[in-house]
Amino acid sequence: MRWLVRLAVALAINALALWIANGLFGGVRIEGWEAYLVGAAALGFANAVLKPLLTILTLPLVLLSLGLFLLVINIAMVAFAEWVAPNFTIDGFWTYVGTVVVVWLVNWAGHTFVDRAVRR
């Protein structure tokens, strides 16, 4: 049962991150709550399953670029979520980069807040 709560929190944090990115960047268009939920679920799946696999497969590139290639992998995860979710589009490379940064920051802050709240 505890895993279900963690899954719901992760889904809510990803949806919040997408909502913030939608508000910050004109090139991000997400319309409707279904798009947020499907996009957040796809992003969670991509980060949990696809990202580790891609990181291992491209490890030489990650090492040669001193980790900068991880940005490309993160952009691919957001592009996967965009591809899967309805009414979700992102236009432009820098908009992808900004969205990745927002998703990372919101996930970091959200999980830090939840972890501290649980410890109390």
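The values are calculated or read from the model by the stated rules, or taken from the named source; none is laboratory data. Please read these numbers as outputs of a predicted model, since none were measured by experiment. FYI the Cβ positions are ideal-geometry reconstructions off the backbone, even for glycines, and counts take in every protein chain you see.
A few points about this structure:
- Any hit, region 80-89, residues being exposed (fewer than 13 other Cβ atoms within 10 Å of the Cβ) and either under 10 Å from the mean Cα position of the chain (by Cα) or at pLDDT below 95 (or both): yes
- Of the residues making up region 44-51, at least one is out of contact with any strand residue (DSSP E or B) (no Cβ under 9 Å at 6 or more places or on another chain), without any contact (Cβ under 8 Å) to a residue 12 or more places away in the chain and not β-branched (Val, Ile, Thr).
- Test: residue in region 56-76 that is under 13 Å from the mean Cα position of the chain (by Cα), touching a residue at least 40 places away in the same chain (Cβ under 8 Å) and closer than 20 Å to Ala35 by Cβ: no
- Residue check, Gly26 of a type in the set (Gly, Ala, Ser) and assigned to a helix (DSSP H, G or I): no
- Check on Ala41, part of a helix (DSSP H, G or I), in contact (Cβ under 8 Å) with a residue 12 or more places away in the chain, crowded, with 18+ Cβ neighbours inside 10 Å and not basic (Lys, Arg): yes
- Residues being of a type in the set (Gly, Ala, Ser) and surrounded by 21 or more Cβ atoms within 10 Å (Cβ to Cβ) - total across region 14-29: 3
- Within region 78-120, tally of residues that are farther than 22 Å from Val49 by Cβ and of a type in the set (Asp, Glu): 2
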